[in-house]
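Notes follow the structure.
The values are calculated or read from the model by the stated rules, or taken from the named source; none is laboratory data. Quantities reported herein were computed from a predicted structural model and do not represent experimental measurements. So basically every Cβ, Gly included, is an ideal-geometry build from the backbone, and we count neighbours across all protein chains shown. For accessibility, only protein heavy atoms count, side chains too; no ligands or nucleic acids. Shrake-Rupley method; radii C 1.70, N 1.55, O 1.52, S 1.80 Å.
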Amino acid sequence: MKYLVSGDQVTPAASHKDQINFLECAKEWVEKSKADGKLDAAYSFPDGGGMFVLDAKDHEELMRLLLNFPLRPFSNLEIRPLLDFNTSANITIEALKPFV
């Protein structure tokens, strides 16, 4: 399953040095997650925060992935399951056909 995870850091680190350390750890998490095939995309927003597209077999695996994200304790995340566009369109078309 694919998930869009977007978020903002709501609690700053104690110092600039701590912030640098957390960001370095987050970069390592991104690279490891990409290498493991669990992370399809990672982007930052120019005004702060960012988003991931994660690939997890279920909600439990997603939770485990996010609990290992170094900035998770400082962030407010929004999670949205993703569905392939053609699959979604086909489901909707089939549901609407009886009404046409």
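Figures for the structure shown
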{"item": "Any hit, segment 6-28, residues being of a type in the set (Phe, Trp, Tyr) and at pLDDT 95 or above", "result": "no"}
{"item": "Enumeration of residues in segment 22-43 that are over 16 Å from residue 79 (Cα atoms) and of a type outside the set (Asp, Glu)", "result": "22, 23, 25, 26, 27, 29, 30, 32, 33, 34, 35, 37"}
{"item": "Yes/no for residue 11 being in a loop (DSSP other than H, G, I, E, B) and either surrounded by fewer than 14 Cβ atoms within 10 Å (Cβ to Cβ) or basic (Lys, Arg) (or both)", "result": "yes"}
{"item": "Condition broken by residue 32, with the remaining ones in (1) modelled with pLDDT under 95; (2) open to solvent by 30 Å² or more (accessible area, probe 1.4 Å) satisfied", "result": "(1)"}
{"item": "Selection count where residues are free of Cβ contacts under 8 Å to residues at least 60 places away in the same chain, open to solvent by less than 90 Å² (accessible area, probe 1.4 Å) and under 17 Å from residue 37 (Cα atoms), scope segment 63-100", "result": "2"}
{"item": "Unmet requirement for residue 94, which otherwise passes all of (1) among the acidic types (Asp, Glu); (2) under 19 Å from residue 4 (Cβ atoms); (3) more than 14 Å from the chain's Cα centre (by Cα)", "result": "(2)"}
{"item": "Counted residues, segment 44-54 - those being surrounded by 10 or more Cβ atoms within 10 Å (Cβ to Cβ) and within 13 Å of residue 30 (Cα to Cα)", "result": "5"}
